[in-house]
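The values are calculated or read from the model by the stated rules, or taken from the named source; none is laboratory data. None of these values were measured; they are calculated from a predicted model. Reconstructed Cβ throughout: ideal geometry from the backbone, glycine too, with neighbour counts over all protein chains shown. The accessibility values were calculated without ligands, DNA or RNA, using every heavy atom of the protein model including side chains. Shrake-Rupley method; radii C 1.70, N 1.55, O 1.52, S 1.80 Å.
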Amino acid sequence: MTIALALHGGAGTLRRSDMDSELERAYRAGLERALEAGYAILRAGGSALDAVCASVCALEDDPLFNAGRGSVYNLDGKQEMEAAVMDGSRQDAGSVTGLSRVRNPVLLARAVMEATPHVTLGYAAAEDFAARIGAAMQAPEYFHTDKRWQALLLEKERLANGGADDDIPEDRKHGTVGAAALDAQGRLAAATSTGGRTAKWPGRIGDTPVIGAGTWADAHCAVSGTGHGEYFVLAAAGHEISARVRYLDETLETACDAVVHGQLMRMGGTGGVAAVDRLGRVALPFNCEGMYRASIDGEGRKRVAIYRDELQR
C-alpha cells in the first residue's frame, strides 16, 4: 500500500538573499497546498493520475508559479500555455500547447488523452476542443500578473541592447510546475504545466508537451521536468531517466543524477526533475541555484524546500 508524491514549482536562481520572508512563506504555502491536494487523493485510495492533476491544478491556480494564472509572456506580449499528463499504468498520454484562455491546461491535456484519438493538440484547435467539452475558460485578464509583465519588459530591453537569448537571467528563464505520483495500486503518473520562457518566440513549443522530454511515466517511474526546455527535448530527459532505471537497473536517484547533473549539464541545459519510482522512492535533483519542490515518499517522509542548501532529496 505504498504511496508517494513529488512535485516542483520551477527551477532557477532562488537565493535566500533575493527573497523576502513574506514571499518565501507564500511560496512554501503554495507548495504545501499543492502537495496536500494530491496526497489527500492518494491517502483515500485514489489514482496517481488524479493526484498529479490535483497537485498541478493547485499550482496553476496560484499566480506565484509560471503555469496557468501566473504564466509568462512571449515576445508579442501573449501567453501560450502548455501541459501534459501521462498514465504509466496504461502507457497513455495527452498534451496541449499554445493555450491562452484555458484555466487549467493540465485538465485539457488529460481530456486529450481520454477523449480524443490523439496525443497532442495545439493553439486554436485545442481551445476549440476545450470549449466543446466545457472546460473552464478565462479572459486574458485572469492570467495577467504585474510580475510577469515587468519580466517581459526587462527581457525585451535586454535583448534590444544586444543580449543573447541563451543569456536570459535565471529568474526569467525557468518556470514550470509538475508532479509525479505512485498510488496504492502501484500505478505511476506524471503531469506538467507551464507558461514557457519569458520573451519566447510566438509559437515556440517547449519540453512540457513533448512526451518523453519534460513528461514521462511508465510501470517503473514517473518524471516531470523543469528547466531549459530545448535541452530536455534534445536529451529526451524523462524517457532517458526511465531507460536507465529499466535497462541499467539504476536506482531512481542515480538515473536522475546521471541526466540532470550529467547529460543535461554537458549539453548546457539547466533545470531539475520531480520523480517517483514503483517502490515509492522520490528524487528531486536540480543543477541550478534552487527549485521549488515538495514531496512525501513511500515511508511517509515529507519535505518542502526551495534553496540549494536544503537537502535535494
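Points worth noting:
- Neighbours of GLY94, meaning other residues whose beta-carbon lies under 11 angstrom from its beta-carbon, give a summed charge of -2 when Lys and Arg score +1 and Asp and Glu score -1.
- Dipole magnitude (debye, nearest 20) for segment 31-113, charges at Cβ of Lys, Arg, Asp, Glu: 140
- Segment 143-274 gives an Rg/Rh value of 1.03, both radii derived from C-alpha positions and Rh following Kirkwood.
- Of ALA235, GLY262, ALA48, farthest towards positive along the dipole that unit charges on Lys, Arg, Asp, Glu beta carbons give the chain: ALA48
- The Kirkwood radius of segment 69-109, taken over pairs of alpha-carbon atoms, gives through the Stokes-Einstein law at 10 °C and 1.306 mPa s a diffusion coefficient of 143 µm² s⁻¹.
- Packing-based order for 67-79, 248-260, 118-130, 134-146, using average beta carbon neighbours within 10 Å, highest first: 67-79, 248-260, 118-130, 134-146
- Accessible surface of the chain [probe 1.4 Å, protein heavy atoms]: carbon and sulfur percent: 51
- Summed over all non-identical Cα pairs, the Kirkwood treatment of segment 1-44 gives a radius of 12.2 Å.
- One chain, two ends: THR254 and LEU154. Fully extended at 0.36 nm per residue, the span grows by 32.2 nm beyond their Cα-Cα distance.
- In segment 1-46, a dipole from Cβ-located charges (positive for Lys and Arg, negative for Asp and Glu) runs towards its positive end, and of GLY38, SER21, ALA11 it is GLY38 whose Cα lies farthest in that direction.
- Computed across segment 1-122, the Kirkwood hydrodynamic radius from all distinct Cα-Cα pairs reaches 15.6 Å.
- Entry for mean projected area of the Cα convex hull in nm² (calculated from the structure that is shown) out of (1) 14.6; (2) 22.5; (3) 25.9: (1)
- Here the simple spin-label model places points 7 Å from the Cα toward Cβ, and for TRP201 and SER21 these points are separated by 4.7 nm.
- Residue-span extension gain [MET137 to ARG246] - 0.36 nm each, minus C-alpha spacing: 35.2 nm
- Label zone at GLN185 (point 7 Å along Cα-to-Cβ), backbone N below 13 Å, segment 84-98: 87-91
- Gyration tensor (alpha-carbon) shape descriptor, segment 235-313, a/c threshold 1.5: oblate
- Pairwise Cα distances in segment 63-145 exceed 15 Å in 52 percent of cases.
- For segment 193-235, the spherically averaged projection of the C-alpha convex hull amounts to 3.1 nm².
- Shape call, segment 77-206: gyration tensor on alpha carbons, a/c limit 1.5: prolate
- Extension gain, ALA125 back to ALA29 (0.36 nm per residue minus Cα-Cα distance, nm): 31.0 nm
- Segment 200-262 versus segment 67-87: alpha-carbon centroid distance in Å: 19
- Packing rank of 219-228, 263-272, where each peptide gets the mean count of other beta carbons within 10 Å, highest leading: 219-228, 263-272
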